[in-house]
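Step one of this worksheet: look at the structure below.
The values are calculated or read from the model by the stated rules, or taken from the named source; none is laboratory data. Predicted, not measured: the structure shown is a model, and the values here were computed from it. Here the Cβ is made from the backbone with ideal geometry for all residues, glycine too, and neighbour counts use every protein chain on show. For accessibility, only protein heavy atoms count, side chains too; no ligands or nucleic acids. Shrake-Rupley method; radii C 1.70, N 1.55, O 1.52, S 1.80 Å.
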Amino acid sequence: MKDLLNGFRRFREQSWPELQSLFGSLATRGQSPRSLVIACSDSRIDPHLIFQTAPGEIFVVRNVANLVPPYQPDAEYHGTSAAIEFAVRNLKVQHVIVLGHSSCGGVGALLHGPDGSFDFVSHWMSIATTAREAALARAAEGIEEAHVQRLCEREVIKVSLDNLKTFPWVAERVSAGQLALHGMLFDIEAGNLELLDPATGEFAPLGVENGKPA
């Protein structure tokens, strides 16, 4: 906790003087981000850092394994669905990005079971059962375990994108050309970003030249 409080003090001393006018404007006129990013809760992943965005530029939802549950408007608690609804229906974002990452612990739990006894993780990860089945089918072909994990991470992103389309107000805006859905995977070790091609269902690295997108 001491480190966090010291970090805030540095923020006030070093960053706040330059950001004060920006936050003042955001407080007065509200937020109007163009993109919703659905990312993993993993502490190694920071969408603002990865995409180099300023406060107010992206609306971020984080949960275990960047999962989107299917549309299910019942009396249960749906934190992720509520955040998606607010971003799409209220903020009217133009892009929804499902951002997965390598070495995802949630995907590992999906493939092998959680490491320990948990009350919620297994049930939550069951949303992506079809991703697990696809990855294990490839494992039966003899591919390396690390490749199975990466394959499953990609398949989980596809599950989330498919589930997004079950939300009627998402599907309506996509059909009207007002909203675009994107799948991406960040490689923690290499620092690369893979983009999903919706036409082929394959992921390919974003080309970069001199640190800039090609």
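Structure notes:
- Unit Cα scatterers, Debye sum, segment 37-114: log10 I(q)/I(0) for q = 0.22 Å⁻¹: -1.09
- Global size of the chain: 18.6, 58 Å for Rg and Dmax (C-alpha atoms, Rg to one decimal, Dmax whole).
- Of the solvent-accessible surface of the chain, computed with a 1.4 Å probe and all protein chains present, 52% belongs to carbon and sulfur.
- For segment 88-179, a crude dipole built from +1 on the beta carbon of Lys and Arg and -1 on the beta carbon of Asp and Glu, taken about the Cα centre, is about 540 debye to the nearest 20.
- Springs join every pair of Cα atoms under 10 Å in this Gaussian network model of the chain, and among Gly201, Gly108, Gly100 the largest mean-square fluctuation is at Gly201.
- For Leu179, nonlocal amide neighbours, meaning residues 5 or more places apart or on other chains whose placed amide H falls under 5 Å from its own, are Val174.
- Top of Ser122, Ser43, Ser102 by mean-square fluctuation, Gaussian network on the chain, Cα under 10 Å: Ser43
- The accessible-area ordering, largest first, of the residues Trp169, Trp124 stands as Trp124, Trp169, per a 1.4 angstrom probe.
- Dipole check for segment 110-154: with +1 at the C-beta of Lys and Arg, -1 at the C-beta of Asp and Glu, and the Cα centre as origin, the magnitude is about 160 Debye.
- Accessible area of Leu49 in the full protein assembly, 1.4 Å probe (Å², nearest 10): 120
- Which of Val68, Phe11, Val121, positive extreme of dipole for the chain (C-beta unit charges): Phe11
- Residue with peak Gaussian network fluctuation, the chain [Cα springs, cutoff 10 Å], from Arg89, Arg34, Arg62: Arg89
- Normalised by the number of residues in the chain, the average gap of Cα pairs under 8 Å and 6 or more apart makes the relative contact order 20 percent.
- With 5 Å bins from 0: P(r) over segment 137-214, alpha-carbon pairs, percent: 3, 12, 19, 20, 18, 14, 9, 5, 1
- Simple Cβ-charge dipole of the chain, Lys/Arg +1 and Asp/Glu -1, about Cα centre, in debye nearest 20: 860
- Across the options Ser43, Gln31, Ala109, the greatest Cα extent toward the positive end of the charge dipole of segment 25-120 (unit charges at beta carbon of Lys, Arg, Asp, Glu) belongs to Gln31.
- Among the lysines of the chain, pairs that are 8 or more positions apart or on different chains and have alpha carbons within less than 29 Å of each other number 4.
- In degrees, nearest ten, helix 129-139 long axis to first principal axis of the chain (Cα): 60
- Counting only alpha carbon atoms, the long axis of helix 16-29 and the longest principal axis of the chain meet at about 80°.
- Entry comment: accessible area of segment 95-146 is 56 Å² per residue, from protein heavy atoms only and a probe of 1.4 Å.
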